[in-house]
1. List the residue pairs whose Cβ atoms are under 8 Å apart, where the first residue sits in the stretch 110-122 and is β-branched (Val, Ile, Thr), the second is in a helix (DSSP H, G or I), and the two are 6 or more positions apart or on different chains.
2. Can you go through 107, 130 and tell me which one is modelled with pLDDT of 85 or more and not basic (Lys, Arg)?
Amino acid sequence: MVDEEELRKWFSNAERIAIVGIGNPMREDDFVGLKIAQDLRGKAPKNVYLIECETVPESFTQIIVDFDPTHIMLIDAAVMGKKSGDSVLIEPESLPVFSAISTHALPLRIFCDFLSKNTQAKIALLLIEPDQMGFEENLSPIVEDSAKKIVNLFIKIFADSDQI
């Protein structure tokens, strides 16, 4: 599971945060990024912009750039060979340009490179290992539990922070 201290450090000095939920609501655990963004609605501070991109985050690039965030966090399911429900926070540079771990038309690395060139934001990906990727509308229990823990962790960090 992503470490609280690691997240706190990443959010340090944040003024405007874009949280970008990515995924397909019809593909079980691929929905996790969207679910986390949805569950943060009404619980995040006003300077946190929650965006539900589904499978086309590139369609939201101008909205993100116009928001002028200091921090951009993309949240998505990714097959990484980890235990189902495990999550990691990684820098975009550690992703291959053409990655087989994504279900999206435009690889997330290219999307992040574009955002990096058009904003001054600190960018990270919060990736969650899926358990089920079939054609269903619900998260698997293990990934749903991980999503709830991540949402609660974000809420705690937001509440404890003077900057956010």
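The values are calculated or read from the model by the stated rules, or taken from the named source; none is laboratory data. Predicted model only: the values in this text are computed from it and were never measured. Quick reminder, even Gly has a Cβ in these numbers, built from the backbone with ideal geometry, and neighbours come from all protein chains shown.
1. Cβ pairs passing all conditions: 119/64; 119/65.
2. So the residue among 107, 130 that is modelled with pLDDT of 85 or more and not basic (Lys, Arg) is 130.
Yes/no matrix, rows are residues, columns are (1) surrounded by fewer than 18 Cβ atoms within 10 Å (Cβ to Cβ); (2) closer than 16 Å to residue 108 by Cβ; (3) small (Gly, Ala, Ser):
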position	(1), (2), (3)
1	yes, no, no
18	no, yes, yes
29	no, no, no
47	yes, no, no
53	no, yes, no
61	yes, yes, no
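Per-residue answers, yes or no, for (1) of a type in the set (D, E, K, R); (2) surrounded by fewer than 17 Cβ atoms within 10 Å (Cβ to Cβ); (3) at pLDDT 95 or above:
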position	(1), (2), (3)
41	yes, yes, yes
84	no, yes, yes
90	no, yes, no
112	no, no, no
115	no, no, no
